[in-house]
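These notes are about the structure you will find just below.
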Amino acid sequence: MSGQHEHGSAYFEKVLNIIDVGVHLIDRKGITIFYNDKMAETDGLQREEVVGKNFFELFPSLTHETSTFMKVLQTGVEIREKIQTYVSVTGKRITTINSTYPLLDNGEVIGALEVAKDITSIVQLHDQILDLRHQIYETPSSAKDKKHAGSARYHFSDLIGHNKQFLETVSFAKKASRTSSPVLICGPTGTGKELFAQSIHNAGARRSRLFIAQNCAAVPNELMEGIMFGTARGAFTGAIDRAGLFEQASGGTLFLDELNSLDLFLQAKLLRVLQDGLVRRVGGTKEQQVDVRIITAMNMDPQEALDKGLLRSDLFYRLNVVNLTLPPLSLRTDDIPLLTHHFIDKFNAMFGMKIAGITPAAMERLLHYPWPGNIRELSHAIESTYNMMDLECEIIEEAHLPSSIRNHKSISIEEAPVVNGLTDKVKQLEKDAITAALARHQYNITLTAQALGMKRQALQYKLNRYGIVRKP
């Protein structure tokens with residue numbers, strides 16, 4: 001039986017050494033009992049140097065007040081996903097996200113277990129980015145210079161298309177640029193949400209001030225709070241005084257993309273800032289007044305995000321003052337030729353080539369491809385085409401297109417007139433069905449979409465496409 005126990009312990013230890021997170025176990029006196037290979041790699045120590053040693057001998061920068069280990073030993077209460085920055089006995093500076101758990105025996109704390117994920121490189125990278133961004137934004141001495149530093153590059157004149165629904169959205173966006181009300185832009189990935197956000201900023205009264213964009217999905221939630229609201233010295237070990245996005249963008253515009261990826265706790269804090277215009281840095285005691293226009297974006301239907309608990313309803317209603325819904329490229333195929341020639345001009349300049357156009361057969365392929373990646377995918381497809389062409393080529397042919405587009409089952413040119421002949425009848429039937437469903441459900445968009453078996457966002461597209469009035 002003893003042999004089985006030893007064999008099980010050895011197997012357990014082997015598993016803990018394989019996993020890609022640090023595991024550190026101490027007794028109630030702070031002596032290390034177990035320390036896995038990943039933890040040793042993170043701290044820059046050898047396991048033999050740590051096991052049997054007192055915790056504070058190895059990490060002298062930590063105290064009973066700052067150490068998650070000590071807090072758990074003292075309180076018996078677990079601490080989850082806490083950022084901790086410390087310096088090991090070798091002088092290595094480390095930042096981890098820790099989850100620390102008490103080990104109990106008949107209700108008595110006999111030790112603590114800490115699981116740590118090393119984010120040192122991520123923190124260093126973000127610190128460098130924030131410092132560079134701060135330098136870019138603060139270096140210009142005049143408002144005129146500041147306009148060109150880290151600000152918005154795109155204007156409404158850069159938005160290309162003549163599709164009816166697209167032009168209506170552009171018209172709404174131009175009207176929204178006259179005020180400082182929050183704007184929520186919804187649309188699939190690759191439809192140009194940030195281009196619209198920058199255009200709104202550049203057409204408004206804040207055009208001479210900063211436009212700052214932040215993708216909420218690109219930063220771990222544990223770091224996002226400090227990035228958005230800033231940090232005060234001493235907020236956690238290693239924290240410095242640094243302005244957050246709201247302070248940096250004060251007087252200008254802050255664009256938050258993929259809002260549904262933002263932690264619910266941070267959504268609540270964002271709501272408070274929007275309501276009273278006051279920002280308090282993480283670990284700080286003073287509140288600072290800021291004047292920021294907020295533009296947010298999502299690549300999923302807001303109702304779906306609300307239903308899944310990814311978006312707070314109170315924040316949604318606060319941000320949804322002006323709503324812009326960008327149609328996918330599949331619903332504005334009449335813009336594909338115009339966009340294609342725009343990208344030909346762009347890549348002619350980039351590659352030093354002189355492509356004059358595209359053959360009808362190749363254009364037919366583009367027109368009947370579904371474009372799940374929307375305008376961004378079309379741009380990449382044309383760029384890929386340039387890489388497949390010889391320098392002496394003057395026109396894009398089918399053979400030059402990416403294989404995913406060539407191999408897609410599309411309607412042939414000969415079949416197109418037949419399909420076009422049916423299109424008007426199909427559209428009329430669809431329009432009648434939507435109109436009838438709206439009336440049956442007292443013009444409730446959510447209930448109508450459910451009855452028709454489609455997403456709310458898809459129904460909104462079709463209402464705009466067919467010019468159906470949402471209420472009689």
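The values are calculated or read from the model by the stated rules, or taken from the named source; none is laboratory data. Just so we're clear, the structure is a prediction, and the values are computed from it rather than from any experiment. Glycine also receives a Cβ, built like all others from the backbone with ideal geometry; neighbour counts cover every protein chain displayed.
Which of the residues that make up segment 380-397 are of a type outside the set (A, V, I, L, M, F, W, C), more than 35 Å from the chain's Cα centre (by Cα) and closer than 20 Å to L339 by Cα? E394, E397 - these are the residues of segment 380-397 that are of a type outside the set (A, V, I, L, M, F, W, C), more than 35 Å from the chain's Cα centre (by Cα) and closer than 20 Å to L339 by Cα.
Kindly indicate whether any position in segment 298-316 is touching a residue at least 40 places away in the same chain (Cβ under 8 Å), surrounded by fewer than 17 Cβ atoms within 10 Å (Cβ to Cβ), in contact with a helix residue (DSSP H, G or I) (Cβ under 7 Å, 6 or more places away or on another chain) and of a type in the set (D, E, K, R). Yes, segment 298-316 contains a residue that is touching a residue at least 40 places away in the same chain (Cβ under 8 Å), surrounded by fewer than 17 Cβ atoms within 10 Å (Cβ to Cβ), in contact with a helix residue (DSSP H, G or I) (Cβ under 7 Å, 6 or more places away or on another chain) and of a type in the set (D, E, K, R).
Would segment 266-279 turn up any residue that is at pLDDT 90 or above, on the phi < 0 side of the Ramachandran plot, of a type in the set (S, T, N, Q) and assigned by TED's automatic domain parsing to the domain that holds A203? Yes, segment 266-279 has at least one match. All conditions in (1) within 13 Å of M224 (Cα to Cα); (2) surrounded by fewer than 17 Cβ atoms within 10 Å (Cβ to Cβ) hold for G283, with the sole exception of (1). Scanning segment 155-189 for residues that are among the polar types (S, T, N, Q), more than 25 Å from E304 (Cβ to Cβ) and assigned to a helix (DSSP H, G or I) yields S157, S171.
Could you go through segment 335-346 and let me know if any residue there is outside any helix (DSSP H, G or I) and more than 21 Å from the chain's Cα centre (by Cα). Walk me through how you get there before you give the answer.
Quick first cut of segment 335-346, residues outside any helix (DSSP H, G or I) only: none.
No: zero hits.
Every condition in (1) loosely packed, with under 14 Cβ neighbours inside 10 Å; (2) without any contact (Cβ under 8 Å) to a residue 60 or more places away in the chain is met by Q288 except one, and the failing one is (1). If you go through segment 50-76 and pick out every residue that is among the β-branched types (V, I, T), touching a strand residue (DSSP E or B) at 6+ places or on another chain (Cβ under 7 Å) and assigned to a loop (DSSP other than H, G, I, E, B), you end up with 1. Checked against the criterion of being more than 23 Å from P327 (Cα to Cα) and either modelled with pLDDT of 80 or more or assigned to a helix (DSSP H, G or I) (or both), the candidates A381, A361 yield just one match: A361. Here is the figure for segment 384-403: residues that are touching a residue at least 12 places away in the same chain (Cβ under 8 Å) and part of a helix (DSSP H, G or I) total 6. Looking across L223, L310, one residue alone is in a helix (DSSP H, G or I) and either of a type outside the set (S, T, N, Q) or at pLDDT 95 or above (or both). It is L223. Within segment 27-49, the set of residues being assigned to a loop (DSSP other than H, G, I, E, B) and buried (at least 20 other Cβ atoms within 10 Å of the Cβ) comprises just one member, N36.
For every residue, the table says whether it meets (1) acidic (D, E); (2) within 17 Å of the chain's Cα centre (by Cα).
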| site | (1), (2) |
| --- | --- |
| D263 | yes, yes |
| L266 | no, yes |
| L270 | no, yes |
| V273 | no, no |
| L278 | no, no |
| V292 | no, no |
| P302 | no, yes |
| V322 | no, no |
